[in-house]
Structure formats: structure tokens, C-alpha cells
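What follows is a single structure, written as C-alpha cells, with notes after it.
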Amino acid sequence: MSMVDEPLYPIAILIDELKNEDIQLRLNSIRRLSTIARALGEERTRKELIPFLSENNDDDDEVLLAMAEELGVFIPYVGGVDYAHVLLPPLETLCTVEETCVRDKAVESLCRIGTQMKESDLVEWFIPLVKRLAAGEWFTARVSSCGLFHIAYPSATELLKAELRSIYSQLCQDDMPMVRRSAASNLGKFAATVEPNHLKTDIMSIFDELTQDDQDSVRLLAVEGCAALGQLLEPQDCVAHILPVIVNFSQDKSWRVRYMVANQLYELCEAVGPEPTRTDLVPAYVRLLRDNEAEVRIAAAGKVTKFCRILNPQISIQHILPCVKDLSSDSSQHVRSALASVIMGMAPVLGKDATIEQLLPIFLSLLKDEFPDVRLNIISKLDQVNQVIGIDLLSQSLLPAIVELAEDRHWRVRLAIIEYIPLLASQLGVRFFDDKLGALCMQWLEDKVFSIRDAAANNLKRLAEEFGPEWAMEHIIPQVLDKISNPHYLYRMTILHAISLLVPVMGPDITCHKLLPVVITASKDRVPNIKFNVAKVLQALIPIVNQSVSN
């Protein structure tokens, strides 16, 4: 190839590969756009590469998605922000395609480019693009336009701003539900750029229309708008405009809208403030906790602790706790599981007396739930209750249930108990631990499930660290060493693993006199796997034994 043709070579490869039948070649070509742009130089990229991409209407969504992504970071290759506008035409085309993920990526890239453009360029190039998309014949263009208003609006003149607000209002009344959904989901971002006086008038009237939409998929997106607008409005305006909408939504005929309210309730409470929350949102929340749809109760139950934190304990006990009691015996296991994952956090909120009287019976019923996830969620948060009621009460009321769970038929529940044992041990103290839980820790070493045996070995190490080598020498080591003669080789392997973990804690003397002879004896085992594991254990012992010899 001659020197004259060389600068043309990259674009020739690109064109060839973009037209290739093999999608992988076309994708590779798009992903190398930045390399090709550097080879062509800024001017030829603007004049040849970008127009070529604008005309290239590839029918494969994967290629279009890659192109939309690449163009978002292309400003340096076209000559900087002064020429950023040349990237708009290909992205505008991508905003109109049928595939949602391509449109979303094109909008994301346009927003990225728009935030870097000069104000004059935004007025000259970006705002006309938004208007064209908003007036698009095909709904996909109108859907995409909704995500661009918050970039276009701040740089517009007063006249253009009024026009943009009017266009957005029209999009919120579009015939196509997909357009109204997009307008509803982007309203918060657009509202954040609008001046306060127009926020109360134009934006609130747009919002009111969306909240009364006949499509539940639009109304549920308006719920998110409640929280976003609530943060922008003054408290009194928020109570006047947002609060009635939230209360109505909590009684909406569509369970999906009620679900969204339950999910967003904490954010909505922050928006309206503590007093309206107590007077208006507590009854709404109680309704959601008693909703006839399980999905709504799940969302509401998951927020119970966060909601109680913004109320005083008396209101929580009076209004929320009766619902919590009902939910703890709900017919749906998923509702009980959602409640179990947060209910322990209510203990610090309600205080010691209310926890003992009201919450402990609920904890116990959930600990005995037939569904393992419910039991797991309670076990994993026990420390939050201990901080409030103290270890004596905790051990009296909950420990029998914990001991019962240690032999649960679901191994994941047993595993959760094992992982909680060292924390429980540190809280209970050595004497109480020896009486109640010591035997259990040894029993787990011979569990049928490997994960339990492995966790049990690690548990012994953590207990030895907690109570010290002397305690371990008296209570752990003799029992562990007795089990090395177990007839099943898998259990013997667990004991070897436990020894290797205990060695660093026990120190060189105990290792040399007590543990090393057992390991050496195990090297004569008839099972090859045991011999192999003995070799691994000896490797871990070498530094400790060397230390003993040198001393």
C-alpha cells in the first residue's frame, strides 16, 4: 500500500468490518472507534467518521448499544467541547430505535455530552434536538426526550424555558403510556432544575396529572416523584401538595402503587417532616401493614424499624406493634422473613421494658418459625437485642430456642448458629458457655454436612482466641484429640483441619507435646486422603515447631 493511501486505511477497515456479516467483527470495529479516530485525526473524524456512523443503521442491537456507549466519551476525538455538537446527530438517531437499552444508553451519552457543552452550543444544538425528539412521530423518540430536559433547561432563555415546560406537560399527557411513564420517572430530575416559582405552578400541575393517570404503571412512578419533589418544596407546600397524594396512593386500587408507597415510605416521611408523619402517615402505614396483598405487606414489614425511628416509642407501641404481632404469624412466609430481618432493630428504638414485654414473645415465635429463612434472619441480629435487655435475660428467654436451632434440619440454620457462637460466648462468659454450649461445639465436628464441620473447626479456633490457651487445653484439646480415632475418614480429616487452625493459638509447647504426636500417628492412616492432609498440617506446624526448638 502506498504512503498516500495509508491515512485512509483505518476508515477502510472500519467500513469493511461494519458491513461484515459476522456480528463479532462489527462489534470489535465499534469498540475500536477511539483508536480509529486517533488515526484519522480530529478533523477527519468530524467530517468522515461521525457522518458515516450517522448513516450506519445497523440492525443489531448489540452493535448499536456499543456505538451509543462509545460516542458518550468521544468529545476528545472530535476536537474538544467546541465541536461536541457533531456527536449529537448519530446519538439522536439511536434515541429513536426500538430497543430500550440502546435508547437508554444513547440518552445517558447525550446527558454526558450535554453537561460538557458550552451554554451557547446547548441553545443552538442541544435544545433543538430535545424539541425534535419530543415532537417525534414514533413514541420511542418522545420517550427518550424526557430524559434530556434537565440538561437542556438551565441554559435556555426565559422564552425557551417556558416552551420546554409546556412541551414536558404535553409529554405527561401523551397518548402512549410508555411516554407518560418516562415523563413520570424523569420528573424529579427536571423539577430540580426549574425555578421555585414555576415549581409550585407548572411542575405541580404536571405532577397532579400524573398522580391521576389511569395507568397504574404511571402512578407508581409518580410515587418516586413524591419523594423527589418533597425535597425541593418548602415544608408547608410539601404538606399541602405531597401529603394528600401519598395518603391517596396508600389506598390506591392497584397493589403495585401501594407496594411502591410501602417501599418509599421512609423517604416520603423525610420529605413531609415528623409532625405530618405522626398525624397522617402512621394511619397510612398501618393500612399498608394490614394490606390484603402479601407483596405490599412484605415491603411495609421491611421498613418497620426505620419507620419507628422517626416516631416516639409510645406511638410505635400503640399503633405499630399490634400490626407487627399480626405479621409475625402472617400466612406468607416471605412477610415473616421480611419482618424477621428488621424486627431486632426495634429493640433499641422501643427501650428495655417494651422489648421484654412486647418484642421478646415475637422473637421467640419467629425463632421457632417453620421457614428456615425466618429463623436465620432472627439469629443473625441477636446482638441488637442483647445491647438493650442484657445477656441474662437474653440467655433465659432465647437461649433454649438457639440450642434447639443448633440441631435444625436445615444446615444453613445450623451454620448461622455456629457463626454466632463466638459472639454469644464472649457475651455469656466462660462458665455459662461451658454449661450450655460446649457440647454443641464438639457435636458439630461430626455433622453430615462439610460446611458445618468446616465452620465448627473455625469456631473452635475463635473460641480458643476468646477464652485463651489454658481454657482450650482443658475444654477443647482433649475432646478434639479423642475424635481422631473416629472410624469415618471424613471426620478424621475435620479433626486434622481443626488441629491446624488451633496450632497458632495454642503456642509451641502445647503443639509439640500434645498436637504433633497425634498428627504423626495420623500419618500412618490407611486412607490416602488423610496422609495427604497430614502433610498439609505438618507444613503449617513447621514454623511453630521450629520456634519451640530454637527456644
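The values are calculated or read from the model by the stated rules, or taken from the named source; none is laboratory data. Because the structure is a prediction, the values reported are computed rather than measured. Here the Cβ is made from the backbone with ideal geometry for all residues, glycine too, and neighbour counts use every protein chain on show. Accessible surface is based on the protein model in full, side chains and every heavy atom, while ligands, DNA and RNA are left aside. Shrake-Rupley method; radii C 1.70, N 1.55, O 1.52, S 1.80 Å.
Identify, please: which residue in the range 85-101 is without any contact (Cβ under 8 Å) to a residue 40 or more places away in the chain and buried (at least 22 other Cβ atoms within 10 Å of the Cβ) and is, among those, farthest from S145 (Cα to Cα)? Show your work before the answer.
Here is the first cut: in the range 85-101, the ones without any contact (Cβ under 8 Å) to a residue 40 or more places away in the chain are 87, 89, 91, 93-94, 99-100.
From what's left, buried (at least 22 other Cβ atoms within 10 Å of the Cβ): 87, 91, 94.
On the way: L87: 16, L91: 12, L94: 12 Å.
Here the residue is L87.
So that you can scan it fast, the table gives a plain yes or no per residue for (1) of a type outside the set (S, T, N, Q); (2) in contact with a helix residue (DSSP H, G or I) (Cβ under 8 Å, 6 or more places away or on another chain); (3) farther than 19 Å from S54 by Cα:
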site	(1), (2), (3)
V73	yes, yes, no
T96	no, yes, no
D121	yes, yes, yes
V130	yes, yes, no
S144	no, yes, no
P154	yes, no, yes
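Quick check on the range 146-167. Is at least one of its residues open to solvent by 30 Å² or more (accessible area, probe 1.4 Å), modelled with pLDDT of 90 or more and under 34 Å from the mean Cα position of the chain (by Cα)?
No, the conditions are met nowhere in the range 146-167.
Look at the range 318-337 and say how many of its residues are under 13 Å from D369 (Cα atoms) and among the aliphatic types (A, V, I, L, M).
First, pick out the residues of the range 318-337 that are under 13 Å from D369 (Cα atoms): 327-337.
The next check asks that each one be among the aliphatic types (A, V, I, L, M); those that pass are 327, 335.
Matching residues across the range 318-337 total 2.
Return only the number of the condition from (1) open to solvent by 40 Å² or more (accessible area, probe 1.4 Å); (2) at pLDDT 80 or above that E404 does not satisfy.
(2)
Check off (1) buried (at least 18 other Cβ atoms within 10 Å of the Cβ); (2) not in a loop (DSSP other than H, G, I, E, B) for D237 and give me the number that stays unchecked.
Exception for D237: condition (1).
Per-residue answers, yes or no, for (1) in a loop (DSSP other than H, G, I, E, B); (2) open to solvent by less than 30 Å² (accessible area, probe 1.4 Å); (3) touching a residue at least 12 places away in the same chain (Cβ under 8 Å):
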residue	(1), (2), (3)
R256	no, no, yes
C269	no, yes, yes
T277	no, yes, yes
L281	no, yes, yes
V286	no, yes, yes
D291	yes, yes, yes
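Residues checked against (1) open to solvent by 50 Å² or more (accessible area, probe 1.4 Å); (2) of a type in the set (K, R):
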{"position": "M442", "(1), (2)": "no, no"}
{"position": "K461", "(1), (2)": "yes, yes"}
{"position": "E466", "(1), (2)": "yes, no"}
{"position": "P469", "(1), (2)": "no, no"}
{"position": "I476", "(1), (2)": "no, no"}
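Considering every residue within the range 318-335, establish whether at least one is buried (at least 22 other Cβ atoms within 10 Å of the Cβ) and under 27 Å from S217 (Cα atoms).
Within the range 318-335, one or more residues are buried (at least 22 other Cβ atoms within 10 Å of the Cβ) and under 27 Å from S217 (Cα atoms).
Quick check on the range 128-144. Is at least one of its residues charged (D, E, K, R) and assigned to a loop (DSSP other than H, G, I, E, B)?
First pass over the range 128-144, keeping only residues charged (D, E, K, R): 131-132, 137, 142.
Now narrow it down to the ones that are assigned to a loop (DSSP other than H, G, I, E, B): 137.
Yes: the range 128-144 contains one or more residues that are charged (D, E, K, R) and assigned to a loop (DSSP other than H, G, I, E, B).
What is the number of the single condition among (1) outside any loop (DSSP other than H, G, I, E, B); (2) open to solvent by less than 20 Å² (accessible area, probe 1.4 Å); (3) farther than 19 Å from E270 by Cβ that R181 does not meet?
Only one criterion in (1) outside any loop (DSSP other than H, G, I, E, B); (2) open to solvent by less than 20 Å² (accessible area, probe 1.4 Å); (3) farther than 19 Å from E270 by Cβ is unmet by R181, namely (2).
Where in the range 324-369 are there helices (runs of 4 or more DSSP H), lying fully within it, with 3 or more residues that are without any contact (Cβ under 8 Å) to a residue 40 or more places away in the chain? Full working, then the answer.
Working: elements: 333-343, 346-350, 360-367.
Passing ranges, in order: 333-343, 360-367.
Which residue is most open to solvent (accessible area, probe 1.4 Å), if the candidates are limited to the range 293-317 and must be more than 22 Å from F371 (Cα to Cα) and of a type in the set (K, R)?
Per the criteria, the residue is R309.
Results for (1) part of a helix (DSSP H, G or I); (2) within 18 Å of L440 (Cβ to Cβ); (3) open to solvent by 60 Å² or more (accessible area, probe 1.4 Å), shown as yes or no for each residue.
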| site | (1), (2), (3) |
| --- | --- |
| Q479 | yes, yes, yes |
| Y491 | yes, yes, no |
| D525 | no, no, no |
| K531 | yes, no, yes |
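Per-residue answers, yes or no, for (1) modelled with pLDDT under 80; (2) surrounded by 16 or more Cβ atoms within 10 Å (Cβ to Cβ):
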| position | (1), (2) |
| --- | --- |
| Q396 | yes, no |
| V413 | yes, yes |
| I418 | no, yes |
| S451 | no, no |
| A457 | no, yes |
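How about the range 122-136: which of its residues are at pLDDT 85 or above and either within 15 Å of N186 (Cβ to Cβ) or not hydrophobic (A, V, I, L, M, F, W, C) (or both)?
P128, V130, K131, R132, L133, A134
For the range 20-73, how many residues meet the condition of being under 19 Å from R103 (Cα atoms), free of Cβ contacts under 8 Å to residues at least 12 places away in the same chain and assigned to a helix (DSSP H, G or I)? Before you say what the answer is, go through the steps one by one.
We begin by selecting, within the range 20-73, every residue under 19 Å from R103 (Cα atoms); these are 27, 30-31, 50, 53-73.
Imposing the further condition that a residue be free of Cβ contacts under 8 Å to residues at least 12 places away in the same chain reduces the set to 55, 59.
Still in the list and also assigned to a helix (DSSP H, G or I): 55.
So the count comes out to 1.
Any residue that is open to solvent by 80 Å² or more (accessible area, probe 1.4 Å), at negative phi and touching a residue at least 24 places away in the same chain (Cβ under 8 Å) - is there at least one of those in the range 493-506?
Initial filter on the range 493-506 (open to solvent by 80 Å² or more (accessible area, probe 1.4 Å)): 504.
With the extra rule that they be at negative phi, the set shrinks to 504.
Subset that is touching a residue at least 24 places away in the same chain (Cβ under 8 Å): 504.
Yes - at least one qualifying residue is present in the range 493-506.
Could you check how many residues of the range 145-160 are in a helix (DSSP H, G or I) and under 20 Å from E99 (Cβ atoms)?
Filtering the range 145-160 for residues in a helix (DSSP H, G or I) gives 145, 149-155, 158-160.
Still in the running and under 20 Å from E99 (Cβ atoms): 145.
Result for the range 145-160: 1.
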